[in-house]
Every structure is written in C-alpha cells, then in structure tokens.
Amino acid sequence: MLPARLPHHHVSGPPDAPLLVLGPSLGTSMTVWDAQLPALAPAFRVLRFDLPGHGGTPTGVLRDPEPGGTTVEDLAALVLALADHYGTHRFHYAGISLGGAIGAHLAAHHRERVASLALICSSAHFGPADPWRERAALVRLKGTAPLLATSPARWFADPSTALTPHGRALVRNLADTAPAGYAACCDALAAYDLLPDLTRITAPTLVIGGSHDVATPLHHARQLAHGIPHATLRVVDAGHLAVEQPEALETALIAHLRAHV
C-alpha cells in the first residue's frame with residue numbers, strides 16, 4: 001500500500017534525464033548531498049528526499065511511528081511512492097548509511113526498479129538491535145540534544161569539518177530533527193538485517209567505505225561488496241559521512257553512474 005503522503009523532496013536536472021534518487025543518512029537531510037548536486041544534475045534528474053521527521057518531512061508520513069513500528073521496508077515504500085509520483089519505474093539510487101540501507105532493500109526486493117546502486121558508508125546489518133532501541137527511547141524522551149556532542153566525531157574523520165558551513169548545516173539538521181521521526185528511523189535500523197538477501201541484488205553496485213568510519217567500519221563495506229554479486233568496493237579517506245571528501249566521493253559516484261546509464 002502506498003503512503004498517504006510523500007516525503008519532502010526536491011528534483012533537479014533535465015526532466016527527460018534518467019532518474020537518480022539520493023538517500024540521506026540518519027540525522028541529516030537532503031542537504032548532505034549539496035556538494036554533489038552541481039556535478040550530478042546536468043546528466044540526471046536528481047531526486048533528493050528527507051527521512052521522516054528530518055528536514056521538511058513530517059513524521060506523519062509513516063504508517064506507524066510508535067516504538068517498534070517502523071522498518072526499512074516502510075522507508076523504501078516512501079521512495080517507491082516518490083518514483084511513481086514522477087512516473088518513473090526504473091531509477092538509479094545512491095544512499096548514505098540508512099539511506100544506503102533503503103537502496104539495498106529496494107535492490108534486493110524490487111530488483112526491477114533499481115538500475116544501479118551505490119552504498120556509501122552503509123551496512124547490511126548495523127549491529128545489535130538493543131543499542132538502537134535504547135537510542136530511540138532516549139531521543140523520544142529527551143530529543144536529539146544528547147546526540148549533538150558526540151555525533152560530529154562519529155560523522156567526520158577531521159573534527160574541523162563540523163565547523164565548515166556544510167558541517168554546521170548537517171549538525172543543525174540533527175538538532176532540528178523531530179524526536180519521533182529520528183526514533184522511528186532507529187527502530188528501522190534495529191530491525192534491519194539484509195545479510196541473507198545480498199545475493200538477490202542484481203543491480204550494478206558500488207560500495208564506498210570510509211577509512212576512518214567508526215559508525216560503520218570498513219568491514220561493513222567489505223561485507224556488502226563480498227555479498228553482492230559483482231559489486232565494486234572503493235575506500236575514501238573519510239569518516240561516516242563521506243561527503244567530507246566531496247571530490248573523492250563525486251569521482252567514484254560519477255564513474256559508476258556513467259558506466260551503467
């Protein structure tokens with residue numbers, strides 16, 4: 001069943017170009033992709049979206065935002081609804097962390113929809129469920145404020161990145177995220193385990209790992225690249241948000257997309 005409302009989103013690029021969907025990470029918004037947009041929009045119709053409770057998307061797009069009620073499948077359904085809204089059956093997809101998990105789910109369970117896939121600092125399984133459920137409970141109780149002091153160190157290999165205009169914007173994203181939406185996304189991560197289904201992915205896949213990523217260390221990227229048939233692994237000198245190395249990320253992503261348009 002399609003969601004009653006679409007997530008907040010923005011489309012750039014020629015209307016007749018191939019559709020490229022860009023998925024954000026937990027705690028950020030479509031802003032996370034700002035640096036890559038000028039290079040991608042001339043050749044693609046780029047659709048960026050916000051997760052529930054993040055950026056401009058209300059938590060109410062979820063069918064059940066109560067504790068334990070949200071899955072990555074639910075988030076993936078929002079992406080399919082967006083593609084359908086723009087009359088596109090088959091699209092390219094790139095996503096960071098949770099955004100990557102959404103793309104991997106789509107590529108495994110809706111193979112006919114995904115033309116190519118890029119998974120950036122993501123995972124097939126983000127660790128035990130209990131820490132995610134505990135984080136969800138904390139945020140439901142106290143909001144995202146308790147996360148603001150520690151998240152930049154998890155996001156960026158270079159602490160000074162958090163002081164750049166882009167870094168400050170991403171930290172503001174986290175501060176402004178609705179607690180119920182953030183917590184629901186934590187619930188989705190708690191229940192997520194795509195390891196048994198990686199071999200179902202047939203889309204040409206690029207896996208990008210950050211050499212200093214402490215949230216999803218490189219073994220997560222290697223596990224994805226090993227499990228997905230014919231996937232390619234690239235490593236960038238970055239933390240969890242590889243956008244701190246915009247040129248390296250852009251170069252790898254554009255080469256991958258051009259090879260599979």
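Taking only pairs six or more apart or across chains, which ones have beta-carbon atoms under 6 Å, a first residue in segment 129-144 that is under 12 Å from residue 185 (Cα atoms) and part of a helix (DSSP H, G or I), and a second residue that is of a type in the set (Phe, Trp, Tyr) and at pLDDT 95 or above?
From segment 129-144, the pairs are 139/182.
Suppose the filter is out of contact with any helix residue (DSSP H, G or I) (no Cβ under 7 Å at 6 or more places or on another chain), assigned to a helix (DSSP H, G or I) and in contact (Cβ under 8 Å) with a residue 12 or more places away in the chain; does residue 104 pass it?
So residue 104 fits the description; yes.
Take the residues of segment 48-100 that are in contact with a His (Cβ under 8 Å, 6 or more places away or on another chain) and more than 24 Å from residue 175 (Cα to Cα): which is surrounded by the fewest Cβ atoms within 10 Å (Cβ to Cβ)?
73
Test of understanding: among 40, 62, which residue is at pLDDT 95 or above, closer than 24 Å to residue 192 by Cα and aliphatic (A, V, I, L, M)?
62
Restricting to segment 234-261, and then to whatever is surrounded by fewer than 19 Cβ atoms within 10 Å (Cβ to Cβ) and within 14 Å of residue 94 (Cα to Cα), can you tell me which residue is modelled with the lowest pLDDT?
Per the stated criteria, the residue is 261.
When you scan segment 107-128, how many residues do you find that are among the hydroxyl-bearing types (Ser, Thr, Tyr) and either outside any loop (DSSP other than H, G, I, E, B) or on the phi > 0 side of the Ramachandran plot (or both)?
1
Conditions tested, residue by residue: (1) more than 17 Å from the chain's Cα centre (by Cα); (2) free of Cβ contacts under 8 Å to residues at least 40 places away in the same chain.
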{"position": "5", "(1), (2)": "yes, no"}
{"position": "8", "(1), (2)": "no, no"}
{"position": "12", "(1), (2)": "yes, yes"}
{"position": "23", "(1), (2)": "no, no"}
{"position": "29", "(1), (2)": "no, no"}
{"position": "33", "(1), (2)": "no, no"}
{"position": "41", "(1), (2)": "yes, yes"}
{"position": "48", "(1), (2)": "no, yes"}
{"position": "51", "(1), (2)": "no, no"}
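The values are calculated or read from the model by the stated rules, or taken from the named source; none is laboratory data. This one's a predicted model, so the numbers in the text were calculated from it and none came from an experiment. Positions of Cβ are backbone-derived with ideal geometry, glycine not excepted, and every protein chain shown enters the neighbour counts.
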